[in-house]
Amino acid sequence: MKNKLISPSFLSADFLRLKSEIEMINKSDADWFHLDIMDGVFVPNISFGMPIIKQIKKIAQKPLDVHLMIVEPNKYINHFKEVGADILTVHYEACTHLHRTLQSIKQAGMQTGVSLNPHTPVMLLEDVINDIDVVLLMSVNPGFGGQKFIENTYNKIEKLKRLIDSKKNNTLIEIDGGVNLINAEKLFDTGADVLVAGNAIFNSTNPTETIKLLKSSK
């Protein structure tokens, strides 16, 4: 049966109500917590860091899907493991020695993720795809929530799916940026396994119901 996982992005959460937002996700049909870590260097924005992740981990009852939008991520791998990351995603564009970084993530006891910016071809992962648990395709330019979905993402999903199938592995395809109730069905149909949604969930009048609808897209 095809994966249909939902990973709500806490970049869009109300941090004045962080505990209740976490508890809402715990009780919902969501599968992961998506946490965007931005340093103001790799992307033009700053989000939150390890102390917040550590606090979220105390309450979260689902895996922490940590997306590093930072330079030199290899320096911080063990630190993110210590504060509770279950899946650690680094950007292809930020890793000079990507294979070494992936091995370090595995050795630390986390699942490996690699993210590609909209302009980065999926075939650049051909030689490391067997070492990757999750490929996160950015469907907006990284750095800010609420951006418009980039339509070429569907083509990238198809190419990535063919690459994964050709290697006969179980790498998951995750989509991040501009995901909503309008495009969720097509994203799943095209080959996505995991959808990251921020504004579509946290700005809705009924976030729990929105998560349910995203997950049940046919």
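The values are calculated or read from the model by the stated rules, or taken from the named source; none is laboratory data. It should be emphasised that the depicted structure is a prediction, and the values quoted were computed from it without experimental measurement. For neighbour counting, all protein chains shown are included, and Cβ atoms are generated from backbone atoms with ideal geometry for every residue, glycine included.
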Q. Conditions: (1) out of contact with any Leu (no Cβ under 6 Å at 6 or more places or on another chain); (2) within 21 Å of Ile175 (Cα to Cα); (3) part of a loop (DSSP other than H, G, I, E, B); (4) at pLDDT 95 or above. Gln61 meets all but one. Number of the miss?
A. (2)
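Quick check, is Phe202 touching a residue at least 40 places away in the same chain (Cβ under 8 Å), within 22 Å of Pro63 (Cα to Cα), among the aromatic types (Phe, Trp, Tyr) and in contact with a Phe, Trp or Tyr (Cβ under 9 Å, 6 or more places away or on another chain)?
Values: touching a residue at least 40 places away in the same chain (Cβ under 8 Å): yes; within 22 Å of Pro63 (Cα to Cα): yes; among the aromatic types (Phe, Trp, Tyr): yes; in contact with a Phe, Trp or Tyr (Cβ under 9 Å, 6 or more places away or on another chain): yes.
When the stated conditions are applied, Phe202 passes them.
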Q) Quick check: anything in the range 150-166 farther than 19 Å from Pro118 by Cα and either small (Gly, Ala, Ser) or assigned to a loop (DSSP other than H, G, I, E, B) (or both)? A) yes
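I need a count of the residues in the range 131-144 that are within 21 Å of Leu5 (Cβ to Cβ) and surrounded by fewer than 21 Cβ atoms within 10 Å (Cβ to Cβ).
Total satisfying the criteria: 3.
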Q: Select from the range 90-148 the residues that are among the acidic types (Asp, Glu), out of contact with any strand residue (DSSP E or B) (no Cβ under 6 Å at 6 or more places or on another chain) and not in a helix (DSSP H, G or I) and list them in ascending order.
A: Glu126, Asp127
Q) Has the range 27-41 got any residue that is part of a helix (DSSP H, G or I), in contact with a Leu (Cβ under 9 Å, 6 or more places away or on another chain) and buried (at least 21 other Cβ atoms within 10 Å of the Cβ)? A) no
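Only one residue in Gly191, Gly198 is at positive phi and touching a helix residue (DSSP H, G or I) at 6+ places or on another chain (Cβ under 7 Å), so which one is that? Before the answer, list the steps.
On the way: Gly198 fails: at positive phi.
Result: Gly191 is the single residue among Gly191, Gly198 that is at positive phi and touching a helix residue (DSSP H, G or I) at 6+ places or on another chain (Cβ under 7 Å).
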Q: Could you grab the pairs with beta carbons closer than 8 Å, sequence gap of 6+ or different chains, first residue in the range 59-80 and farther than 19 Å from Pro142 by Cβ and in contact (Cβ under 8 Å) with a residue 24 or more places away in the chain, second one surrounded by 19 or more Cβ atoms within 10 Å (Cβ to Cβ) and acidic (Asp, Glu)?
A: Lys62/Asp31; Pro63/Asp31
Q: Take Asn199 and decide whether it is surrounded by fewer than 22 Cβ atoms within 10 Å (Cβ to Cβ), of a type in the set (S, T, N, Q), farther than 24 Å from Ala13 by Cα and at pLDDT below 95.
A: no
